[in-house]
Amino acid sequence: MPILKLKKLSKTYTEGKNVETHAVRHIDLEIKKGEFVVVSGPSGSGKTTLLNLIGGLDAPTSGTIMFNAFKISHLKEKDLAHVRLHNIGFIFQAYNLVPVLTAKENIEYIMTLQKVAPKIRNERIEKIAHHLGIYNLLHKKPNELSGGQQQRIAVARAIVSKPKLILADEPTANLDTHNSETLLDLMKKLNEEEKVTFIFSTHDPVLIEKAKRNIILKDGKIDKDITV
Ligand SMILES: Nc1ncnc2c1ncn2[C@@H]1O[C@H](COP(=O)(O)OP(=O)(O)OP(=O)(O)O)[C@@H](O)[C@H]1O
Ligand SMILES: [Mg+2]
């Protein structure tokens, strides 16, 4: 059973009376549990829109999204938020850490919403901090951290709540080559060790080459779906 199944998924943005943008057009796609998938394609091809639809951050115009055989595309916001909270982690290009919270508080936040007990929260943060080499950064605020450090905190935040699926929209776009490759290796390790399913978008040919499956979008459609 696939973890994710999209059927004829479409998103059309309407601006004004007559201006329509078909950002995602009739996408059929199945992703198995534990896959590590890269979504690439030119600027404007629909990568962000597709990830936002999958993660329920944006609503489709038509079509369906099944998550573990459970239809999530037509849920009310409250129910969708519940599915998101317990199943999906996000990593964004701009890190999106909460500026007034420390790194530790940022990492802890979703677990608090999930009502994970404080002792377990602390144990998980300890473990992840060692794993990602961010132990000495935990007390700092985002503006006291470099881009690469902030992105590692964002990765910790995404995985510490134990999601089944992680969506990452150009997570390495603001990182240099070294930090990009470190982040990719980290995501692959989590994918292999924790069996977390990853879908991430990128323009970076080096990262594209490292993924087993590459979905290339063009004008909102799947142009190629290559598994190596
Ligand atoms: N909120 C919106 N309102 C109107 N049009 C939008 C909106 N979001 C995206 N679009 C349009 O939808 C199309 C797909 O955009 P999207 O952001 O998904 O592309 P992308 O592949 O992520 O591009 P990039 O590589 O530049 O990030 C583009 O034509 C874009 O202008
Ligand atoms: Mg984008």
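Overview of results
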quantity	calculated
Column: log10 I(q)/I(0), Debye, Cα scatterers of the chain, q = 0.08, 0.14, 0.15, 0.16 Å⁻¹	-0.29, -0.89, -1.02, -1.15
Rg ratio (alpha-carbon, reference 2.2 N^0.38 Å) - segment 112-169	1.15
Sequence-separation-based contact order of the chain, relative, with Cα cut under 8 Å and 6+ spacing, percent	29 percent
Estimated vicinal HN-Hα couplings, Hz - segment 194-209 in sequence order (Karplus 6.51, -1.76, 1.60; Gly, Pro = x)	9, 6, 6, 7, 10, 10, 9, 9, 7, 9, 7, x, 5, 6, 4, 5
Within the chain, percent of DSSP bridges classed antiparallel, to nearest 5	55 percent
Compactness of segment 1-62, expressed as Rg and Dmax over alpha-carbon positions, Å	12.7, 43
In sequence order, calculated HN-Hα J values of segment 165-182 (Karplus, 6.51, -1.76, 1.60; Hz; x Gly/Pro)	9, 10, 10, 10, 9, 6, x, 9, 4, 9, 10, 6, 4, 4, 5, 4, 5, 4
Helix-only CD estimate at 222 nm, as mean residue ellipticity for the chain, using -39500 (n - 2.57) per DSSP H run (n ≥ 4)	-11500 deg cm²/dmol
Sorted by Cβ density within 10 Å, fewest first, the residues Ser10, Ser40	Ser10, Ser40
Projected-area average for segment 107-228 over all orientations - Cα convex hull basis, square nanometres	8.6 nm²
In segment 1-75, the trypsin sites (Lys or Arg not before Pro) that fall in loop regions by DSSP, at most 16 other Cβ within 10 Å	Lys17, Lys33
Sparsely packed trypsin sites (Lys or Arg not before Pro) within segment 79-131, loop by DSSP, other Cβ within 10 Å at most 12	Lys115
Long-range HN-HN contacts of Ile3 with modeled amide H, under 5 Å	Ile31, Lys32, Lys33
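Every number in this text was worked out from the coordinates using simple rules, so none of it is lab data. Remember, it's a predicted structure, so these values are computed and weren't measured experimentally. Cβ sites come from the backbone with ideal geometry, for glycine too, and all protein chains shown count toward neighbours.
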